[in-house]
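J.: Submitted below is the structure of interest, expressed as structure tokens.
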Amino acid sequence: LLSINTVLYCPVFLPEPSNADDPGEQFHWIRAMLTNIRERGNSQAIIVGHVPPANSLINASTLVGNFRRTQLWKEKYINVYFEIIREFDDVIVGQLFGHLHSDEFRVGVGKSAIPSTISTPLLLAGSLTPLHGNNPSFRKVFYGNDTGDGNKYRLLDYESHRYPISDSNAGEWSKLYTFSDTYSTVSEEIKAEGLSANVFRSILQSMKDKGGKPSPILQSFLSLVRSGSDGDVESSRADDNCDAECRAEWLCTLSGTTTANQYNECLSQERGSGWYVISLVATVLAIALFITTKRFTRRRRKRDQYDS
């Protein structure tokens with residue numbers, strides 16, 4: 001279990017550490033530990049940290065055009081981190097983070113910062129502290145060896161537990177959901193691969209709109225983002241009223257985009273043909289208006305010349 005101090009990589013962490021390329025020499029340390037694990041050949045690694053190498057959609061504090069999200073790590077550190085994860089993919093079985101006070105995940109899809117070749121997603125757990133409209137919650141992750149290979153373990157499943165907050169502040173801890181039960185549409189993949197990136201890519205695909213209608217898988221996810229929040233979810237947009245634009249934003253966030261270009265390109269794809277048609281019609285109308293205006297100006301100029 002390799003625990004790293006991810007606060008050192010955050011944009012708000014100032015001043016920059018003396019060794020800005022490798023704050024605390026943690027990247028060097030992670031490489032050394034993972035090399036040792038690989039050479040031993042009889043164990044795997046789970047990486048844990050607080051702030052994830054990803055972006056946040058809910059509670060975004062920055063607005064850059066349409067890029068309405070917060071980048072949680074400086075991009076240079078995100079790139080180095082995932083270079084390491086890609087290099088040691090064969091021995092890493094889990095990446096567990098928190099910070100967002102919400103029950104989420106990130107998985108590499110298409111042109112995202114998270115490589116689509118790595119076999120583990122980022123699993124982001126909720127929070128015990130209800131500072132952002134969330135219920136207090138914790139996640140119990142199960143790992144084990146069910147492959148028949150005595151040296152190979154993996155993450156198998158997880159449970160989310162919560163303490164519902166009411167007006168009287170009364171309640172009790174209870175299990176909110178089990179991952180494999182909630183996402184039963186990929187139960188066979190979960191049995192075969194555990195909590196793999198392929199499983200989460202399948203889930204992400206199932207979250208896309210079908211025939212213009214919201215996916216029940218995405219709606220289920222949104223109901224659990226705040227660990228079954230009962231109270232004010234502030235500006236999270238994690239509710240049943242998530243419109244088409246909101247759904248596209250979530251899909252692009254979960255797919256691991258980090259830069260504005262990645263995010264906006266993803267949004268363009270998720271908006272689909274309807275948005276393309278609207279854009280095309282607007283372009284045609286603009287061209288038609290330009291041609292009409294040009295012809296009118298030319299005729300008026302000829303008439304003025306004739307009158308003179």
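The values are calculated or read from the model by the stated rules, or taken from the named source; none is laboratory data. Please read all numbers here as calculations on a predicted model, not as lab measurements. Cβ sites come from the backbone with ideal geometry, for glycine too, and all protein chains shown count toward neighbours. To get the accessible areas, we keep the full protein, side chains included, count just its heavy atoms, and leave off ligands, DNA and RNA. Shrake-Rupley method; radii C 1.70, N 1.55, O 1.52, S 1.80 Å.
J.: Under 7 Å by Cβ, and 6 or more places apart or on different chains, what pairs join a residue from the range 110-136 that is in contact (Cβ under 8 Å) with a residue 60 or more places away in the chain with one that is assigned to a loop (DSSP other than H, G, I, E, B) and among the acidic types (Asp, Glu)?
T.: Ile118/Asp89; Ser119/Asp89; Gly126/Asp103; His132/Glu234; Gly133/Asp232; Gly133/Glu234; Asn135/Asp230
J.: Pairs, please: C-beta under 9 Å, at least 6 apart or cross-chain, first residue among the polar types (S, T, N, Q) and in the range 12-36, second open to solvent by 80 Å² or more (accessible area, probe 1.4 Å) and at pLDDT 90 or above?
T.: Matching pairs, first to second residue: Asn19/Glu25.
J.: Kindly provide the set of residues from the range 245-280 that are open to solvent by 20 Å² or more (accessible area, probe 1.4 Å), within 15 Å of the chain's Cα centre (by Cα) and modelled with pLDDT under 85, ordered by number.
T.: Thr259, Ala260, Gln262, Asn264, Glu270 - these are the residues of the range 245-280 that are open to solvent by 20 Å² or more (accessible area, probe 1.4 Å), within 15 Å of the chain's Cα centre (by Cα) and modelled with pLDDT under 85.
J.: Here is a follow-up. Return the residues of the range 174-191 that are farther than 19 Å from Ser215 by Cα and surrounded by fewer than 17 Cβ atoms within 10 Å (Cβ to Cβ); say none if nothing qualifies.
T.: Correct list: Ser174, Lys175, Thr178, Glu188, Lys191.
J.: Give me the residue from the range 18-67 that is among the polar types (S, T, N, Q) and modelled with pLDDT of 95 or more and, out of that set, least open to solvent (accessible area, probe 1.4 Å).
T.: From the range 18-67, those among the polar types (S, T, N, Q) are 18-19, 26, 35-36, 42-44, 55-56, 59, 61-62, 66; that's our starting set.
Applying the additional criterion that residues be modelled with pLDDT of 95 or more yields 26, 35-36.
Working: Gln26: 25, Thr35: 52, Asn36: 72 Å².
Of everything passing the filter in the range 18-67, Gln26 is least open to solvent (accessible area, probe 1.4 Å).
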